[in-house]
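Have a look at the structure below, then the notes.
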Amino acid sequence: MVAMTDTVAETKPDMPFANDHDRWAALVERDVNADRKFYYSVATTGVYCKPSCAARLARRENVAFHATPADAERAGFRPCKRCRPSEAIATIRFAVGACSLGAILVAATDKGVCAILLDDDAGALARDLQDRFPMAQLIGGDASCERLVAKVVGFVEAPARGLDLPLDIRGTAFQQRVWSTLREIPAGETVSYSAVAERIGSPQSVRAVAGACAANAIAVAIPCHRVVRSDGGLSGYRWGIERKQSLLEREADS
């Protein structure tokens, strides 16, 4: 972990949260008006948060301030799972369809697809999307997303078609390294969690690789289903082992 230094540039005195004294005061008060004005990290947990986060207040000497989530992540911190500081307010459009694996939801921002979710219950998919992006404005039944759903369903049913989508990938720097490596695994092939850890240059991070796979919100386009145990076992899959096995069998036959 890097040394704790305050990394937010000092601003003009008449601006809100212009110095560390004001930032700390906002943090103590859990001031929602300070959210997205700055972020804070805690040395003892390795996590960074929004000022309004409901987490237990850290000791002042363990806290540093950052201007952006990217600054905090460059300093070696990961986003808090409670307040989700890395998620910006955005408009997310989505549509729900059906395939042989059950219900499927595809959601996208202006940058690209940010979620592909699978479930037996279509209603659960919308709730899952809301939980993942609580700050976003969600617009359902979008025509452009319905076309994306059709493309994803086409790939699920016939993997030989391939799947080339613009993606809006959101995660920590480590997660993005893992997910980028997963996208290099060809359809019809599998690799082990340990092999992925080797490929990203972090051979001791096998469990963290498994965690990144579990955190993936873009099913099939980021093919975490192609990662298996060293003995070839399927291990876990957030959308169900049966779906993982079905996807691998279809890709092997394509």
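Summary of values
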quantity	calculated
Selected from Tyr237, Ala98, Phe17, residue furthest toward positive end of dipole (the chain; charges at beta carbon)	Phe17
Coil-residue trypsin sites (Lys or Arg not before Pro) of the range 193-233, DSSP, other Cβ within 10 Å capped at 10	none
Estimated [θ] at 222 nm from DSSP helical runs (n ≥ 4, -39500 (n - 2.57)) normalised by residues in the chain, nearest 500	-9500 deg cm²/dmol
Mean-position separation - Cα centroids, the range 12-83 and the range 141-185, in angstrom	33
Using θ = phi - 60° and Karplus 6.51 cos²θ - 1.76 cosθ + 1.60, couplings along the range 32-42 (whole Hz; Gly, Pro as x)	5, 5, 8, 4, 6, 7, 7, 10, 10, 10, 10
Residues with amide H under 5 Å from that of Val228, placed H, sequence gap 5 or more	Val191, Ser192, Tyr193
Any cysteine of the chain lacking a neighbouring Cys Cβ under 4.7 Å - listed by number	Cys99, Cys114, Cys145
Sparse-neighbourhood loop sites, trypsin sites (Lys or Arg not before Pro) in the range 26-99 - DSSP loop, at most 11 other Cβ within 10 angstrom	Arg56, Arg59, Lys81
Reach of Lys81 by Cα under 27 Å, taken over lysines that are not fewer than 8 positions away in the same chain	Lys37, Lys50, Lys111, Lys244
Structure-derived P(r) over Cα pairs in 10 Å bins from 0, in percent - corresponding label in [x] 7, 30, 36, 22, 5, 0; [y] 7, 27, 34, 22, 9, 2, 0, 0; [z] 7, 28, 30, 22, 11, 3, 0	[z]
Around Ile169: net Lys/Arg minus Asp/Glu count, Cβ-Cβ under 12 Å	+3
Sequence-distant residues sharing a close amide H with Arg78 (under 5 Å, placed H)	Val47, Tyr48
Interchain or long-range residues, amide H under 5 Å from Cys99's placed H	Ile104
19 Å reach of a label modelled at Ala55, 7 Å along Cα-to-Cβ, counting backbone N of the range 138-181	171-176
Cα-centred dipole magnitude for the chain, charges only on beta-carbon of K, R (+1) and D, E (-1), debye, nearest 20	380
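FYI, it's all coordinate maths here, none of it is from the lab. All values derive from a computational prediction rather than experimental measurement. Every residue, glycine as well, gets a Cβ built from its backbone with ideal geometry; the counts of neighbours run over all protein chains shown.
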